[in-house]
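Visitor: Got a structure for you, written out below as structure tokens; questions coming shortly.
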Amino acid sequence: MTSSLSVFVDDGSSDKLLSHLMGLDRYQLEDFKLCVQSPQLLPENVQKISWANLKAISPTNLLCLLKEHLSVRQVWDVTLRIFEHMKLTSLCEQMRAEMNGEAGAQPLPIVLEGLAGVGKTTLAMKVMLHWAEGILFQHQFSYVFYISCHKVGEIVNTTFAGLLSRDWPDSQVPIEEFRSHPERLLFVIDGFEEMTVSSNLYESPPCTDWYQQLPLARILLHLLKKELVPTATLLITTRDYGNRDLKNLLVNPCFVVVSGFTEGDREEYFIKFFGDLDKANKILNRIRKMETLFDSCSAPLVCWTVCSSLKWQTASNPSFRLATQTTTSIYAYFFCSLFAMAEVSLSDQSLPEQWRALCCLAAEGMWFSNFTFAKEVMEQGHLEASFIDSLLRLNVLRKVSDCEECISFTHQGFQAFWGAMFYVLWGTRGSLGGPPKHQEMRVLLNDAFANTNFYWHQMALFFFGLLNTDLARELEDTLCCEMSPRVMDELLDWAEGLEKYDAVSVHFEFLQFFQCLCETQDENFIRQILNHLLEADLDLHGYQHLQVSSFCLKHCQNLRKLRLSVSGPILEMKLTSASETLETGVGDFRKHQWEDICSVFCNGNMRELDLSNSKLNTSSMKELCYKLRNPRCKLQKLTCKSMSPVKILKELVIVLHGNHKLTHLDLSSNNLGITVSKMIFRTLRHSACNLKYLWLESCGLTPRVCHQLFMELSKNSSLKFLSLGDNDLSNAELKRLQGPIRVSKCPLKELSLEKCNLLAAHCEDLALLLISTQGMTRLCLGINQLQDDGVRLLCASLTHPECVLERLVLWSCQLGAPSCRYLSDALLQNKSLTHLNLRKNNLGDEGVKFLCEALSRPDCNLQNLNLSDCSFTVEGCRELTHALKYNHNVKILDVGKNDVQDDGVRELCRILKRPSCALETLGLEKCNLTPDCCWPLSSVLRSSKSLVNLNLLGNDLGPEGVNTLWTSLKKSTCKLRKLG
């Protein structure tokens with residue numbers, strides 16, 4: 001091979017940034033997102049990130065979004081600049097230290113990570129050998145220590161000094177030299193994933209004593225945390241799924257991904273193995289489509305396994321078809337080829353029990369991340385020495401060089417295969433000696449599809465693949481074993497639980513699940529399983545994803561909700577280009593697969609489809625839209641945010657003209673332009689268009705386009721909700737909205753103009769809009785610089801008898817106390833307004849006092865009042881308490897992020913204890929509360945008949961305060977349902 005090692009470095013900077021973002025509370029995170037929208041805090045010529053994509057995003061997705069628009073260094077610079085703007089001083093100091101490398105005074109721990117068999121241990125051993133031969137690090141390290149993590153369980157208690165002395169060639173161990181020059185020490189810690197560590201060890205107190213007796217696992221943790229030898233160098237190897245724990249342990253680690261065989265190496269290996277270029281290329285083309293298996297071939301042993309299996313099959317089976325091969329069949333026939341000609345000195349009667357014992361050992365090892373097995377473990381499992389010797393000769397097992405009489409599977413993929421075999425073999429006893437096998441199987445599948453561990457995925461894949469009838473029969477004949485006839489029935493029972501899965505709240509690897517189902521090659525079984533699937537979340541990146549999704553989705557007859565993101569280039573280019581079709585026919589295959597995917601939209605049950613962040617070509621989009629206008633399609637909600645290229649959205653006209661069931665359409669975060677927007681807006685007048693909800697946030701709408709939209713609204717008889725948020729409407733003539741909305745044909749009731757660069761002057765048109773329309777019930781004007789003058793103009797319309805507004809959102813509009821006076825005067829006359837959101841405005845105690853003049857009136861109908869982050873104090877709470885004494889309509893009150901303090905809570909508690917108080921939800925997040933406030937709150941929890949939701953997040957209540965609250969929560973009289 002020309003190269004057997006590719007190295008990519010990850011210094012962990014993304015994880016550090018993510019930890020900083022995740023440390024922000026919800027108010028800080030919101031401020032951060034608003035700052036991301038500020039050009040002054042961003043580098044020049046950076047594309048604006050749409051507010052529609054930002055506003056509801058999690059810290060993890062926020063970091064991903066920033067990295068899409070900025071380089072890693074720019075992300076750090078922008079984050080620091082925003083933290084400085086937010087005056088987060090300590091966080092800024094920490095970030096500067098990380099950016100300037102102050103933490104780098106100590107050597108960075110180096111982590112070699114990668115799949116099993118790609119050469120991590122070999123690379124670490126080469127480092128040691130080259131050091132010993134004087135080639136590497138002669139002037140840097142005086143001593144190098146090798147620690148194998150699979151030996152951790154063998155040593156009960158020891159000291160760090162004792163660990164260093166274990167393999168020393170004589171009794172004169174220079175411990176004091178080690179201690180006086182720790183910077184001259186290199187520790188090679190091999191196989192971290194084999195170290196079983198209980199969660200409480202991660203929280204163990206620091207240790208710097210070289211002579212303290214501790215379990216070896218704890219000593220290694222203190223070594224990894226740089227407590228025992230801070231200036232020593234650490235070189236750690238781990239399989240790719242072990243790095244999460246390592247990242248929590250290590251200080252500024254540098255992760256080096258060892259990728260093994262490159263794609264070119266794999267091609268070269270296949271060609272040399274088969275010796276026939278045409279034959280090798282045909283096989284390579286097939287294996288490339290099995291992307292997961294092809295990636296696994298980065299390990300040389302997997303390359304050998306795949307090639308050996310296919311060579312044996314072609315030689316022994318005249319009807320062999322490459323197209324029908326699965327990952328499981330390749331592994332299964334590989335083992336069949338080994339055992340078909342092997343001599344195993346065991347009777348046919350004992351063979352089944354030996355295979356079952358081997359599979360049980362493999363499965364148990366997978367559960368406990370144990371890949372090395374001592375002699376006594378094999379004896380306890382009743383594995384006979386002659387059977388083990390046969391497997392060693394066949395290279396199914398191998399001896400472990402640094403552990404006498406220990407064995408392991410030659411590759412972890414082998415262990416995953418035999419572990420999966422355990423669950424399809426006849427028998428009911430589980431591998432762990434506790435729950436029966438079918439219950440253990442359920443836990444295995446639930447974990448595998450909620451886990452990112454590659455080998456759990458592989459074990460689940462093998463498990464499904466072994467259900468194939470022909471493959472099972474072949475293995476039964478070769479191994480003299482009997483497969484369980486009940487496994488499929490047990491799987492169907494497990495599949496009933498899929499109906500309870502929520503794709504948003506429960507992490508479930510749907511693509512991995514689909515891949516496993518395809519491995520069975522049993523269409524009837526797949527259909528039965530997928531009848532229970534009600535929703536799915538799919539990100540298609542490559543050919544294999546497209547292939548398994550197309551095969552499975554067409555069988556999802558009860559699917560109701562689908563998020564489908566085609567983020568790779570698989571459907572971005574033309575599907576049937578001449579060269580592609582002539583050479584391989586790939587374009588036609590992909591076209592048919594896309595048609596199969598689209599067929600699910602006509603299952604009669606599909607109600608919601610989210611295509612956000614998809615890259616499609618015109619023909620793909622057109623095919624999708626024709627399926628959506630099919631009479632059998634019952635789709636109601638369609639989301640197409642951040643589509644690429646934007647011009648494909650004009651194909652939606654097909655749907656809007658032909659599907660009267662579609663009521664919700666979200667086109668946010670697409671720069672629509674004049675042509676696309678006009679084509680879509682014109683469909684609003686069509687009689688078949690029944691859209692009721694339309695989102696056009698962050699669409700780069702110009703005044704001209706907006707005026708076109710306003711004109712079309714006059715001819716629409718269905719639209720009830722319209723959001724134009726994050727579009728620059730500063731030059732748009734909002735008064736043009738009055739014309740269409742005044743026409744009785746337009747039923748628009750809810751309008752959102754959040755973050756549209758509106759000023760006080762625009763409020764005159766908006767005020768006229770509230771009077772002229774007969775049905776406007778909700779208006780959102782958040783994040784606009786309306787100021788007090790703007791609110792004054794709006795309030796003039798709130799007192800008009802024709803105004804029926806129920807919900808008014810004015811968050812972050814640069815309002816002060818005068819705005820509250822205008823709103824209070826309006827509330828005294830307006831009887832329709834029930835929801836008022838004033839959060840993130842500098843109202844102060846004076847503003848709250850003005851509001852309470854109206855709120856204290858029993859006939860004030862306000863039910864939901866949000867005053868969070870409004871800069872008021874205890875005095876404001878007194879005013880609210882006085883008002884609520886007379887008003888029994890307010891059910892939700894949020895005063896979070898105000899300097900309420902314990903005295904403010906005491907004031908509120910006085911009214912909460914009254915039987916006449918109707919308050920159901922109270923927000924007190926980040927209100928500078930202490931344990932002292934918990935006594936009055938505890939009293940309220942015991943006596944209140946109405947309070948069901950209470951938010952106390954971000955307050956230092958301490959254990960004492962929490963215990964006080966807990967005492968009341970246990971009382972039967974406590975009605976609280978949610979405590980934050």
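Visitor: When the residues of the stretch 40-54 are narrowed to those that are without any contact (Cβ under 8 Å) to a residue 24 or more places away in the chain and open to solvent by 40 Å² or more (accessible area, probe 1.4 Å), which ends up nearest to GLY782 (Cα to Cα)? First the steps, then the outcome.
Guide: Of all residues in the stretch 40-54, those without any contact (Cβ under 8 Å) to a residue 24 or more places away in the chain come to 40, 44-45, 47-49, 54.
In the following step, the residues that additionally are open to solvent by 40 Å² or more (accessible area, probe 1.4 Å) were identified as 40, 44-45, 47-48.
Details: GLN40: 21, GLU44: 27, ASN45: 27, GLN47: 23, LYS48: 19 Å.
The selected residue is LYS48.
Visitor: Criterion first (farther than 30 Å from SER38 by Cα, outside any strand (DSSP E or B) and open to solvent by 20 Å² or more (accessible area, probe 1.4 Å)) does ILE783 satisfy it?
Guide: On the way: farther than 30 Å from SER38 by Cα: no; outside any strand (DSSP E or B): yes; open to solvent by 20 Å² or more (accessible area, probe 1.4 Å): yes.
Against the criterion (farther than 30 Å from SER38 by Cα, outside any strand (DSSP E or B) and open to solvent by 20 Å² or more (accessible area, probe 1.4 Å)), ILE783 does not qualify.
Visitor: Checking the conditions here, which among PHE294, PHE320, PHE273 is touching a helix residue (DSSP H, G or I) at 6+ places or on another chain (Cβ under 7 Å), farther than 30 Å from GLY119 by Cα and open to solvent by 10 Å² or more (accessible area, probe 1.4 Å)?
Guide: Values: PHE294 fails: farther than 30 Å from GLY119 by Cα; PHE273 fails: farther than 30 Å from GLY119 by Cα.
Within the list PHE294, PHE320, PHE273, the selection yields PHE320.
Visitor: Quick check, is VAL396 within 30 Å of ILE147 (Cβ to Cβ) and at pLDDT 85 or above? Let's see the steps before the verdict.
Guide: Values: within 30 Å of ILE147 (Cβ to Cβ): yes; at pLDDT 85 or above: yes.
Judged against the criteria, VAL396 is a match.
Visitor: Looking only at residues in the stretch 133-153 that are free of Cβ contacts under 8 Å to residues at least 24 places away in the same chain and of a type outside the set (A, V, I, L, M, F, W, C), which one is surrounded by the fewest Cβ atoms within 10 Å (Cβ to Cβ)? Lay out the reasoning, then the answer.
Guide: First pass over the stretch 133-153, keeping only residues free of Cβ contacts under 8 Å to residues at least 24 places away in the same chain: 133-136, 138-139.
In the following step, the residues that additionally are of a type outside the set (A, V, I, L, M, F, W, C) were identified as 133-134, 138-139.
Numbers: GLU133: 9, GLY134: 8, GLN138: 12, HIS139: 6.
The selected residue is HIS139.
Visitor: Please verify whether the stretch 182-198 includes one or more residues that are open to solvent by less than 50 Å² (accessible area, probe 1.4 Å), part of a loop (DSSP other than H, G, I, E, B) and either of a type in the set (S, T, N, Q) or at pLDDT below 85 (or both). First the steps, then the outcome.
Guide: Going through the stretch 182-198, the residues open to solvent by less than 50 Å² (accessible area, probe 1.4 Å) turn out to be 182, 185-195, 197.
From the residues that got through so far, the ones that are part of a loop (DSSP other than H, G, I, E, B) too are 191, 195, 197.
Filter once more, keeping what is either of a type in the set (S, T, N, Q) or at pLDDT below 85 (or both): 195, 197.
Checked the stretch 182-198: at least one residue is open to solvent by less than 50 Å² (accessible area, probe 1.4 Å), part of a loop (DSSP other than H, G, I, E, B) and either of a type in the set (S, T, N, Q) or at pLDDT below 85 (or both).
Visitor: Would you pick out the residues in the stretch 56-75 that are open to solvent by 20 Å² or more (accessible area, probe 1.4 Å) and touching a residue at least 24 places away in the same chain (Cβ under 8 Å)?
Guide: Residues satisfying the conditions are ILE57, PRO59, THR60, LYS67, VAL72, GLN74.
Visitor: If you don't mind, another one. Applying the selection to the stretch 8-47, what residues are assigned to a loop (DSSP other than H, G, I, E, B) and not charged (D, E, K, R)? First the steps, then the outcome.
Guide: Pass one, the stretch 8-47, residues assigned to a loop (DSSP other than H, G, I, E, B): 11-12, 23-25, 37-38, 42-47.
Passing the criteria: GLY12, GLY23, LEU24, GLN37, SER38, LEU42, PRO43, ASN45, VAL46, GLN47.
Visitor: Only one of (1) surrounded by 13 or more Cβ atoms within 10 Å (Cβ to Cβ); (2) at pLDDT 90 or above; (3) not hydroxyl-bearing (Ser, Thr, Tyr) fails for LEU129. Which number is that?
Guide: Only one criterion is unmet by LEU129, namely (1).
Visitor: I need a count of the residues in the stretch 758-780 that are open to solvent by 50 Å² or more (accessible area, probe 1.4 Å) and either of a type in the set (Asp, Glu) or in a helix (DSSP H, G or I) (or both).
Guide: Residues of the stretch 758-780 open to solvent by 50 Å² or more (accessible area, probe 1.4 Å): 759, 761, 764, 768, 774, 778.
Still in the running and either of a type in the set (Asp, Glu) or in a helix (DSSP H, G or I) (or both): 761, 764, 768.
Total satisfying the criteria: 3.
Visitor: With respect to THR452, is the statement that it is modelled with pLDDT of 85 or more and of a type outside the set (D, E, K, R) true? It would help to see each step written out before you state the result.
Guide: Working: modelled with pLDDT of 85 or more: no; of a type outside the set (D, E, K, R): yes.
Answer is no for this residue.
Visitor: Give just the number: which of (1) open to solvent by less than 70 Å² (accessible area, probe 1.4 Å); (2) within 22 Å of LYS225 (Cα to Cα) does GLU176 not satisfy?
Guide: Among (1) open to solvent by less than 70 Å² (accessible area, probe 1.4 Å); (2) within 22 Å of LYS225 (Cα to Cα), the lone unmet condition for GLU176 is (1).
Visitor: So, one more: Would you be able to tell me the number of residues in the stretch 262-283 that are without any contact (Cβ under 8 Å) to a residue 40 or more places away in the chain and within 33 Å of the chain's Cα centre (by Cα)? Write out each step before concluding.
Guide: Initially, the stretch 262-283 is screened for residues without any contact (Cβ under 8 Å) to a residue 40 or more places away in the chain, giving 263, 266-267, 270-281, 283.
Right, trim to within 33 Å of the chain's Cα centre (by Cα) and you get 263, 266.
Total satisfying the criteria: 2.
Visitor: Also: Please verify whether the stretch 703-719 includes one or more residues that are buried (at least 22 other Cβ atoms within 10 Å of the Cβ) and within 26 Å of LEU538 (Cβ to Cβ).
Guide: no
Visitor: Can you pull out every residue in the stretch 417-443 that is in contact (Cβ under 8 Å) with a residue 24 or more places away in the chain and of a type in the set (A, V, I, L, M)?
Guide: Residues satisfying the conditions are ALA420, MET421, VAL424, LEU425, LEU432, MET441.
Visitor: A further question follows. Considering the stretch 261-272 alone, what residues qualify as being of a type in the set (A, V, I, L, M, F, W, C), part of a helix (DSSP H, G or I) and more than 20 Å from ALA323 (Cβ to Cβ)? Let's see the steps before the verdict.
Guide: Of all residues in the stretch 261-272, those of a type in the set (A, V, I, L, M, F, W, C) come to 261, 270-271.
Adding the requirement that they be part of a helix (DSSP H, G or I) leaves 270-271.
Of everything in the stretch 261-272, just one residue is of a type in the set (A, V, I, L, M, F, W, C), part of a helix (DSSP H, G or I) and more than 20 Å from ALA323 (Cβ to Cβ), namely ILE271.
Visitor: Using the structure shown, decide if LYS913 is among the charged types (D, E, K, R), over 40 Å from the mean Cα position of the chain (by Cα), closer than 17 Å to LEU937 by Cα and open to solvent by 60 Å² or more (accessible area, probe 1.4 Å).
Guide: Numbers: among the charged types (D, E, K, R): yes; over 40 Å from the mean Cα position of the chain (by Cα): yes; closer than 17 Å to LEU937 by Cα: yes; open to solvent by 60 Å² or more (accessible area, probe 1.4 Å): yes.
It is true that LYS913 is among the charged types (D, E, K, R), over 40 Å from the mean Cα position of the chain (by Cα), closer than 17 Å to LEU937 by Cα and open to solvent by 60 Å² or more (accessible area, probe 1.4 Å).
Visitor: Which one is nearest to the chain's Cα centre (by Cα) among residues in the stretch 48-76 that are of a type in the set (Val, Ile, Thr) and assigned to a helix (DSSP H, G or I)? Don't jump to the end; show me each part of the working.
Guide: Taking the stretch 48-76 first, the residues of a type in the set (Val, Ile, Thr) are 49, 57, 60, 72, 75.
Okay, now just the ones that are also assigned to a helix (DSSP H, G or I), so 60, 72, 75.
Details: THR60: 8, VAL72: 20, VAL75: 20 Å.
Ranking the qualifying residues of the stretch 48-76, first place goes to THR60.
Visitor: What's the total number of residues in the stretch 922-980 that are touching a residue at least 60 places away in the same chain (Cβ under 8 Å) and on the phi > 0 side of the Ramachandran plot? Reasoning before the result, please.
Guide: Keep residues of the stretch 922-980 that are touching a residue at least 60 places away in the same chain (Cβ under 8 Å), which gives 925-926, 953-954.
Next, only the ones that are on the phi > 0 side of the Ramachandran plot stay: 926, 954.
The total comes to 2.
Visitor: OK, next. Sort out which residues of the stretch 77-120 are modelled with pLDDT of 85 or more and assigned to a loop (DSSP other than H, G, I, E, B), and write them in order of number. Before you say what the answer is, go through the steps one by one.
Guide: So the first thing to find is which residues in the stretch 77-120 are modelled with pLDDT of 85 or more, and the list is 77-96, 109-120.
Hits for the stretch 77-120 are MET86, LYS87, LEU88, PRO109, LEU115, ALA116, GLY117, VAL118, GLY119.
Visitor: Residues of the stretch 877-901 being open to solvent by less than 20 Å² (accessible area, probe 1.4 Å), closer than 23 Å to TYR27 by Cβ and either among the basic types (Lys, Arg) or more than 37 Å from the chain's Cα centre (by Cα) (or both), which ones?
Guide: Filtering the stretch 877-901 down to residues open to solvent by less than 20 Å² (accessible area, probe 1.4 Å) leaves 877, 880-881, 883-884, 887, 890, 893, 895-896, 898, 900.
If we keep only those that are closer than 23 Å to TYR27 by Cβ as well, we get 877, 880, 890, 893, 895-896, 898, 900.
Within the stretch 877-901, CYS877, LEU880, VAL890 meet the criteria.
Visitor: What's the total number of residues in the stretch 389-415 that are in a helix (DSSP H, G or I) and surrounded by 18 or more Cβ atoms within 10 Å (Cβ to Cβ)? It would help to see each step written out before you state the result.
Guide: Just the residues of the stretch 389-415 that are in a helix (DSSP H, G or I), to begin with: 389-393, 412-415.
In the following step, the residues that additionally are surrounded by 18 or more Cβ atoms within 10 Å (Cβ to Cβ) were identified as 390-391, 412-415.
Total meeting the criteria: 6.
Visitor: Looking only at the stretch 465-498, which residues are in a helix (DSSP H, G or I), touching a residue at least 24 places away in the same chain (Cβ under 8 Å), open to solvent by 20 Å² or more (accessible area, probe 1.4 Å) and under 13 Å from THR520 (Cβ atoms)?
Guide: Within the stretch 465-498, THR469, MET488, LEU492 qualify.
Visitor: Being part of a helix (DSSP H, G or I), open to solvent by less than 70 Å² (accessible area, probe 1.4 Å) and β-branched (Val, Ile, Thr) narrows it down to one of VAL940, VAL962, so name that one. Give the derivation first.
Guide: Values: VAL962 fails: open to solvent by less than 70 Å² (accessible area, probe 1.4 Å).
Going through VAL940, VAL962 in turn, the sole match is VAL940.
Visitor: Name the one entry in ASN864, ASN841 that is modelled with pLDDT of 95 or more, out of contact with any helix residue (DSSP H, G or I) (no Cβ under 7 Å at 6 or more places or on another chain) and open to solvent by 30 Å² or more (accessible area, probe 1.4 Å). Walk me through it before giving the result.
Guide: Details: ASN841 fails: open to solvent by 30 Å² or more (accessible area, probe 1.4 Å).
Only one candidate passes the filter, namely ASN864.
The values are calculated or read from the model by the stated rules, or taken from the named source; none is laboratory data. This structure is a prediction, so every number in the text was calculated from the model and none was measured. Methodologically, a virtual Cβ is constructed for each residue, glycine included, from the backbone with ideal geometry; neighbour enumeration extends over all protein chains shown. Surface areas here come from the heavy atoms of the whole protein model, side chains and all, with no ligands, DNA or RNA. Shrake-Rupley method; radii C 1.70, N 1.55, O 1.52, S 1.80 Å.
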